[in-house]
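Q: The following block contains the structure, expressed as structure tokens.
The values are calculated or read from the model by the stated rules, or taken from the named source; none is laboratory data. Predicted, not measured: the structure shown is a model, and the values here were computed from it. Note that each Cβ is placed from the backbone with ideal geometry, even for glycine, and that neighbours are counted across all protein chains shown.
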Amino acid sequence: MNTSELFYSRMKSAWTYAMRIIRVIIGGGGTPLILGIVLIALYFAYQQFLAWVPADFPIDFMLTIPYTLLVTSSRVRTWVKPADLVFLLPVETQMKPYFRASLTYSAAVHLIHLGILTLLAYPLFFIMWKSNLAIVLAYLFFTLLQVYNVLIEWWEMRLTVSLARNKIRMVTAGRFFLNGGTVFFFLNQHAAGVLGTAVGLFALGWYLRRQVPVIPYPWHLMQAQEQNIRTRYHALAGMFVDLPRLKTPVRKRKWFTRFLPHWSTQTASAYLFWRAFFRKSELFPISIRLIIWAMIFIAVFPNRWVVFAVYLGCVWMFSVQLPSLAHSQQYPIIHKLYPLPPKQWKQGLRSIGLVTIGIQTLSIALFAWLAGAMLLTETMLLIAVGGILTYTISYFYLPRSKQQKMA
Amino acid sequence: MLSIQQLYGGYSRQFPVIKNIDFSVSPGEIVGLIGLNGAGKSTTLKNILGLITPFSGTVSIDGKTLTEDPETFRNQLAYIPETPLFYEELTLWEHLELTASAYRMPPDLLQERAQSLLTRFRMQKVKNWFPDTFSKGMQQKIMILCAFLVKPRFLIIDEPFVGLDLLATQSLLELLQSGKKEGMGILMSTHILGMAEKYCDRFVLIHEGQMRLKGTLAEMNQQAGTQNKSLDELFMIAIEGKQS
């Protein structure tokens, strides 16, 4: 059995599916148009930033962060399916070509990401080094670092069959710091520093490689990772087109249970939705990411109009996704048997809207004030606008949205 | 009374899975729904529960259908599915709380019934666990606990003993018996004919989507033109169309 062919056929069908969705999104009109406008706005903002950058600006430090994150996060795409545990397990010893193909593919994709980042960062590199050759060399150096990180990531994954997950996490954390050091020293052209951290990274990889067993492969982990990736892509694409829901992995977040609404006879839907929001849906991490991105944007461009645009953008992006929480496909069919009137399900969604959009608008407005992007009176006005938006979306938009279909 | 009249249903109008199903379940009795794999038992149950809409015929409780009074209809029914259907994001205890909330049970009743059920099914220790860590039998217990927490007027059970260990099967049978004594009407689909014969008061025997025999053992013997045949024997007669 030629298992590498199996990998490439899976890769091909996944890309065919992705291209089909992308075509639907592009043909969709409204949302891509708004995205285009946002990208153009970002381009102009970047131009302004480049014009503003003072000579003593720590560009090396600024570039270290995205490069370190990118090379450390060297996820290996395997396209392992749940049924593989039954059908591929008997040929586990013949799976080497499959995973070799998977590593080649993953490294290629990461190098494309790296290329995009380097293209975006090119003006900053040029300010720093004023030499195209140096930038090309930097890309080649980061390419080596990236490929080696893909290998280490794969060895770390394989070690999960024999090592505890927290030990693997510690290894990843160590790798993050070694990568950070290597990137930083390279950008500073500090040869001894680069050599020291690169040797550390090599030693780590060598040690891990020696620990990796020939078999078994981490089937469950690969399966869970694939599930996560698919869910994330679907959630992203779901912002633009209506897609069938995927089984979402549950993150238990036990520490958060005390903050969830308690049981009462009147709040069955809110009880369920809040738990789904924190533990199962992608919406909780999305809401956090949106707030963080908004804050970064405001910190970089502390302008009242930027704040207002970011504020509205965040509310819009979150509000269009929130109704999916109340889609019946997210839940087992037993919810249909509960003696609950349709309005109860809508109330549950409304309560989530009021709290989450409320927190989002309030935190962004307060941050804008703290960052000095707005005066106190303007901030108060923005909070008031947020209150009106939260109320309007929760009471009028969410209950009528086509995506919520519980009853 | 739970009444099913001239029910036609399935997934395609051209090829209905069940045809002219007609029977009733009275409070305080257990009715066994018997048939081979693919006979239409689960489709019948889903039509009764309103999970799929019948092509024709009616399902009513005390003369009221689901569309006429959905809340009252739903309030009187609980369902134990063949395959455990649970919320992955809720713990066992949260399933019980959600069920109690949906059926508007008072808090003290929730505590009393839930504790008793958890003890009976030996699930106290795992009540704050998420069901994805449970075995299939334990997942099935969640369904049983939620259904008996409500103590509905009518309980619909689809192959209830699949995956249950011996003690849990015994506990479930005891609960069914005590539910029946308290006036609960139970419709139970099962393959285990020996158990059905022992615990059910009446039977509905379905084959290829149609009712072949229904009633007590004596009534079914009469319909089949036999005497003193066991449920196993009547089942074979019904599906093979011959007497053994």
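Q: Out of all the residues in the stretch A:387-397, is one or more closer than 23 Å to A:Leu260 by Cβ and without any contact (Cβ under 8 Å) to a residue 24 or more places away in the chain?
A: no
Q: How many residues are within 11 Å of chain A (Cβ to nearest Cβ), under 25 Å from A:Lys343 (Cβ atoms) and under 18 Å from the mean Cα position of the chain (by Cα) if we restrict to the stretch B:46-97?
A: 13
Q: Shifting gears a bit: So which residues in the stretch A:77-93 are of a type outside the set (S, T, N, Q) and part of a loop (DSSP other than H, G, I, E, B)?
A: In the first step, residues of the stretch A:77-93 are kept if they are of a type outside the set (S, T, N, Q); the result is A:77, A:79-92.
Listed by number, the residues that qualify are A:Arg77, A:Trp79, A:Val80, A:Lys81, A:Pro82, A:Ala83, A:Leu88.
Q: Suppose we filter B:Val204, B:Val150 for residues that are buried (at least 19 other Cβ atoms within 10 Å of the Cβ), out of contact with any Leu (no Cβ under 7 Å at 6 or more places or on another chain) and either at pLDDT 90 or above or within 23 Å of B:Gly28 (Cβ to Cβ) (or both); which single one remains?
A: B:Val150 is the lone residue from the list that is buried (at least 19 other Cβ atoms within 10 Å of the Cβ), out of contact with any Leu (no Cβ under 7 Å at 6 or more places or on another chain) and either at pLDDT 90 or above or within 23 Å of B:Gly28 (Cβ to Cβ) (or both).
Q: Among the candidates A:Leu354, A:Leu349, A:Leu322, which residue alone is touching a Phe, Trp or Tyr at 6+ places or on another chain (Cβ under 7 Å) and within 30 Å of B:Met105 (Cβ to Cβ)?
A: Just one listed residue meets the conditions, A:Leu349.
Q: Applying the selection to the stretch B:89-128, what residues are modelled with pLDDT under 90 and of a type in the set (Phe, Trp, Tyr)?
A: Residue satisfying the conditions is B:Tyr103 alone.
Q: Now for a different question. Pairs needed: first member in the stretch A:94-121, within 11 Å of A:Leu70 (Cβ to Cβ); second member anywhere, among the charged types (D, E, K, R) and not in a helix (DSSP H, G or I); C-beta distance under 9 Å; at least 6 residues apart or different chains.
A: Final answer for the pair search is A:His110/A:Arg75.
Q: What are the residues in the stretch A:253-293 that are of a type in the set (S, T, N, Q) and within 11 Å of another protein chain (Cβ to nearest Cβ), if any?
A: Answer for the stretch A:253-293, where residues must be of a type in the set (S, T, N, Q) and within 11 Å of another protein chain (Cβ to nearest Cβ): A:Thr257, A:Ser264, A:Thr265, A:Gln266, A:Thr267, A:Ser269, A:Ser281.
Q: Moving to a separate point now. Looking only at the stretch B:90-97, decide whether some residue is assigned to a loop (DSSP other than H, G, I, E, B) and touching a residue at least 60 places away in the same chain (Cβ under 8 Å).
A: no
Q: Name the residues in the stretch A:174-199 that are under 21 Å from A:Leu63 (Cβ atoms) and among the small types (Gly, Ala, Ser), would you?
A: Filtering the stretch A:174-199 for residues under 21 Å from A:Leu63 (Cβ atoms) gives A:175-198.
Correct list: A:Gly180, A:Gly181, A:Ala191, A:Ala192, A:Gly193, A:Gly196, A:Ala198.
Q: Conditions: (1) surrounded by fewer than 21 Cβ atoms within 10 Å (Cβ to Cβ); (2) under 15 Å from B:Phe161 (Cα atoms). B:Gln140 meets all but one. Number of the miss?
A: (1) is the only condition that B:Gln140 fails.
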